[in-house]
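Notes for the one structure printed next.
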Amino acid sequence: MKAKEMVALGTALAMTFSLAACGGSDDSGGVVAANLPGIDMIELGTDYQDITASIKILTNRTDIVDTVYKGYAEQFMQLYPNITVEYEAVTDYEESLNLRLPTGDWGDICYIPTSVAKSEMSEYFSPLGDYGSLNEIYNFLSDKNYGGIQYGIPNGGTAGGVIYNKRIWKEAGITELPATPDEFLDCLQKIRDNTDAIPLYTNFAAGWPMGAWDQYIGVTATGDPDFMLNNLAHTKDPFAKRDDMSGPYAVYYVLYEAVSRKLVEDDPASSDWEASKGMINKGEIATMVLGSWAVEQCRESGATPEDVGYMPFPITVDGKRYASGDGNYSYAINNKATEDNQIAAMVYLKWLLEESTIFEDEGTIPALKSEPLPDSLSEFDGVEIISNNPAIEGEETLFDDVNNESEVGINNNDYPDCEILECALYGTKDLDTLMGEWNAKWSAAQESLGVDILKY
Amino acid sequence: MGKGGGAVATKKTFAEKMKSREAQQFFVIVTFLFAPLLLLIVFTYLPFMRMVQFSFYNMKYIGPKKFVGLANYIDVFHRTEIFRALLVSVYYMGGAVVQLALALFFATLMVFKVKGESVFKAALFFPYLICGIAVGFIFKFFYARGFVFDSLLQIFGMKLEDIPYWLQDQRINNVALAATSVWRYTGQNMIMFLGAMMSVDTDLYEAAALDGANNWHRFRYIILPSIKSIIVLNLILSISGSLSAFEPPYVITNGTMGTGTYFVIMNRLAHENQKVGLACAMAIVLLAIIILCTVAQKLFFAYVFDNGTDDESKAAVRKRKKAEQKKRAQKGAAV
């Protein structure tokens, strides 16, 4: 008797679970998509004034969701009174979104979490238009498209450069910003000689600021948008010295020489990232090599935000200067929401990207290609900002594979960069030896993975 | 009860059997064991077996894996940095010895009446209660140039130029890091020693005092022999702990400046370079090294700490046996 009941209960449970499992897959939003306009087709202020909808936007910015972001929503609602816009801040954004996305019932606009693979985007998000035509209008689209269709538009982007304290650089007697590694090192020397500031603060102890040097070896050091994700994996000895002082070697040369000429902090092992933000603001630190995202933080950490400047990384390739641009999180629209909600969401998204003040407020590169650079990047005049081209089809994982196999760990392992500093500090190896080792590891990885060596 | 009773009642029904004392006992044991065994199997043995399996594959966390046989193990033995990392463990082993000596010293002081005993006990034990990551952050600032430790030394009249860079100077940085784990674990060892010392019969001290034994004699001939098994246990735990030291170098220096222990290197390979198979092989090699060390220590202590029977020391036994053998041999020769 008991046993029978148990069996019955078990069967019932099993059936419920299998039913639930079926539920997720059979209602994809593909049908609705046909009626959606492309985001580039919408005329703001005139189109879709008759739509009544209430939309919810998920964001990771818990700090400003009730102030700045709410302000954008209110401005928009004056333009479109029938659409109600509401923000929801999500702490632990990536983890929560991984759980909430598959339910389909999470809201209308979100940032695409990094865990969503390109091929999966169509399961969750509405198409915003085709890549070709949107790419004419918006920056940094190369990442979030699949099969020629765009699913996400980045919330602006950042450029790779160097944070510096303008007042200290001026006091050291520097009138023109450096354009080559050697000029940069000369400037640091002047700062050492003429001021009390630490010329270059490495933030070695935190680890990741050392890994951040890897961000400059691509576009910044070569001017080639294909270098990072396409060519590097196929290049023989990519870390070797180039005669014109460009390429990855030049980036690491700056780090190595700065350390070995004692132009960095006294004890890198006890550097402190949180304190360094205030120190560069006050002028106790002259320079830090970090992405533009850090500029706002350094400005906010002291009484003299106007002293904190941002300059391009000092490398010149064939007389031209480049900086790498990377998109922030991308906005995307829920394809499981009702059609009205999806359209309303698209209208709001377009307004946010094109009419709101979000990019000036955040000091990032705007989404629109036609907009000027933010004030924080005023030194980047004449510097071409390009983002990396995505890897060609069939080689999407090649760079990661070679990178991991070789343990050079570009952009994912801080230790090799730390080792550059260690070698310079203790004088155990010179840079050519070290880069030779990296090349050897790179070649061994290429060989074991059977990668073709190509000439570029 | 017993066999006779059982033989008579062979025709017991199932329900009756269930009610018997043996069955009940069996049931209680099984139900009580079920939860801990399940936890142990699910969270220790299954993952361990998977790790053994992974060590034969070339794999990342996500994506396909390829069987490569012993290639990962061969790779482990070919990498110089891995065995250099084991040398770093020597510092932690040295630390372990210092730590045990200190713990023994404090425990011995406290086993006799001391004023404010519980305050000292609590103060010494406290560091063990702080999580390892927090300890790391404490010492990160403690050792930072010009911070706590340097300021303290300057108060005592040292000049900043004469103070070494605690985390940067390769002559001293591993010692500095090992010291943090001494600080953390001394209290815990002390409590274990103290517990063992408490169980020593106090009559022995009195008797010894009557025989004119001083404190050193009491320690050497009463306390030490009584707690030797705890000492051996602690030493074995500390040495295997030293081989797998992770938190201090990971948090304080991130394994840079020559402080990378075996675990730090393993963590780097697994998580940053995604070489999961190789890291698993490293883990198993480390396990083998730890087992070897433990067995070696067991054998060593079995020899060194062997005090023979209750009546005579091992040395005396050996002497006696040798003498007997000699006698026998002489007898044999005479016959």
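The values are calculated or read from the model by the stated rules, or taken from the named source; none is laboratory data. Computed from a predicted structure; not experimentally measured. Note that we place each Cβ from the backbone using ideal geometry, even for glycine, and neighbour counts take in every protein chain shown. Each accessible area value is taken on the protein alone, full model and side chains, heavy atoms only, with ligands, DNA and RNA left out. Shrake-Rupley method; radii C 1.70, N 1.55, O 1.52, S 1.80 Å.
Among the residues of region A:317-367, write down those that are on the phi > 0 side of the Ramachandran plot and either part of a helix (DSSP H, G or I) or open to solvent by less than 50 Å² (accessible area, probe 1.4 Å) (or both). First the steps, then the outcome.
To start, the set of residues in region A:317-367 that are on the phi > 0 side of the Ramachandran plot comprises A:318-319, A:363.
Residue satisfying the conditions is A:Gly363 alone.
Does region B:131-142 include one or more residues that are open to solvent by 60 Å² or more (accessible area, probe 1.4 Å), out of contact with any Ser or Thr (no Cβ under 9 Å at 6 or more places or on another chain) and more than 14 Å from chain A (Cβ to nearest Cβ)?
Within region B:131-142, the first condition is being open to solvent by 60 Å² or more (accessible area, probe 1.4 Å), and the residues that meet it are B:131, B:133, B:137-138, B:141.
Among the residues that remain, those that are also out of contact with any Ser or Thr (no Cβ under 9 Å at 6 or more places or on another chain) are: B:131, B:133, B:137.
Subset that is more than 14 Å from chain A (Cβ to nearest Cβ): B:131, B:133.
Within region B:131-142, one or more residues are open to solvent by 60 Å² or more (accessible area, probe 1.4 Å), out of contact with any Ser or Thr (no Cβ under 9 Å at 6 or more places or on another chain) and more than 14 Å from chain A (Cβ to nearest Cβ).
Identify the residue in region B:251-262 that is assigned to a helix (DSSP H, G or I) and more than 10 Å from chain A (Cβ to nearest Cβ) and, among all such residues, is nearest to B:Val68 (Cα to Cα). It would help to see each step written out before you state the result.
Looking only at region B:251-262, we keep the residues that are assigned to a helix (DSSP H, G or I), and these are B:251-253, B:262.
This time we only want the ones that are more than 10 Å from chain A (Cβ to nearest Cβ), so: B:251, B:262.
On the way: B:Val251: 33, B:Tyr262: 23 Å.
Among those that are assigned to a helix (DSSP H, G or I) and more than 10 Å from chain A (Cβ to nearest Cβ), it is B:Tyr262.
For the list (1) in a helix (DSSP H, G or I); (2) open to solvent by 30 Å² or more (accessible area, probe 1.4 Å); (3) facing another protein chain (nearest Cβ under 10 Å), I need the number of the one condition that B:Ile265 fails.
(2)
Does any residue of region A:137-151 turn out to be β-branched (Val, Ile, Thr) and open to solvent by less than 30 Å² (accessible area, probe 1.4 Å)? Show your work before the answer.
Of region A:137-151, the ones β-branched (Val, Ile, Thr) are A:137, A:149.
From what's left, open to solvent by less than 30 Å² (accessible area, probe 1.4 Å): none.
No, region A:137-151 contains no residue that is β-branched (Val, Ile, Thr) and open to solvent by less than 30 Å² (accessible area, probe 1.4 Å).
How about region A:50-86: which of its residues are touching a residue at least 12 places away in the same chain (Cβ under 8 Å) and under 19 Å from A:Glu360 (Cβ atoms)?
Of everything in region A:50-86, those that are touching a residue at least 12 places away in the same chain (Cβ under 8 Å) and under 19 Å from A:Glu360 (Cβ atoms) turn out to be A:Thr59, A:Arg61, A:Val65, A:Val68, A:Tyr69, A:Lys70, A:Tyr72, A:Ala73, A:Gln75, A:Phe76, A:Leu79.
Within region B:29-63, can you find the residues that are open to solvent by less than 90 Å² (accessible area, probe 1.4 Å) and in contact with a helix residue (DSSP H, G or I) (Cβ under 8 Å, 6 or more places away or on another chain)?
B:Met51, B:Val52, B:Phe54, B:Ser55, B:Phe56, B:Tyr57, B:Asn58, B:Met59, B:Lys60
Sort out which residues of region A:402-427 are of a type in the set (D, E, K, R), open to solvent by 30 Å² or more (accessible area, probe 1.4 Å) and either more than 9 Å from every other protein chain (Cβ to nearest Cβ) or part of a loop (DSSP other than H, G, I, E, B) (or both), and write them in order of number.
Within region A:402-427, the first condition is being of a type in the set (D, E, K, R), and the residues that meet it are A:405, A:407, A:414, A:417, A:419, A:422.
If we keep only those that are open to solvent by 30 Å² or more (accessible area, probe 1.4 Å) too, we end up with A:405, A:414, A:419.
Within region A:402-427, just A:Asp414 meets the criteria.
Out of all the residues in region A:247-281, which are within 14 Å of another protein chain (Cβ to nearest Cβ) and either in contact with a His (Cβ under 6 Å, 6 or more places away or on another chain) or acidic (Asp, Glu) (or both)?
Selection gives A:Glu265, A:Asp266, A:Asp267, A:Asp272, A:Glu274.
Go through region A:284-302 and give me each residue that's out of contact with any Gly (no Cβ under 7 Å at 6 or more places or on another chain), over 20 Å from A:Gly157 (Cα atoms) and either open to solvent by 10 Å² or more (accessible area, probe 1.4 Å) or in a helix (DSSP H, G or I) (or both).
Answer for region A:284-302, where residues must be out of contact with any Gly (no Cβ under 7 Å at 6 or more places or on another chain), over 20 Å from A:Gly157 (Cα atoms) and either open to solvent by 10 Å² or more (accessible area, probe 1.4 Å) or in a helix (DSSP H, G or I) (or both): just A:Glu284.
State which residue pairs qualify: first residue touching a residue at least 24 places away in the same chain (Cβ under 8 Å) and inside region A:248-267, second residue of a type in the set (Lys, Arg) and assigned to a helix (DSSP H, G or I) in any location, beta carbons under 6 Å apart, and separation of 6 or more residues or different chains.
A:Leu263/A:Arg192
Among the residues of region B:83-91, is there at least one that is closer than 30 Å to B:Asn267 by Cα, among the polar types (S, T, N, Q) and touching a helix residue (DSSP H, G or I) at 6+ places or on another chain (Cβ under 7 Å)? Full working, then the answer.
Step one: list which residues in region B:83-91 are closer than 30 Å to B:Asn267 by Cα, which gives B:83-91.
Now narrow it down to the ones that are among the polar types (S, T, N, Q): B:89.
So of that shortlist, the ones also touching a helix residue (DSSP H, G or I) at 6+ places or on another chain (Cβ under 7 Å) come out as B:89.
Within region B:83-91, one or more residues are closer than 30 Å to B:Asn267 by Cα, among the polar types (S, T, N, Q) and touching a helix residue (DSSP H, G or I) at 6+ places or on another chain (Cβ under 7 Å).
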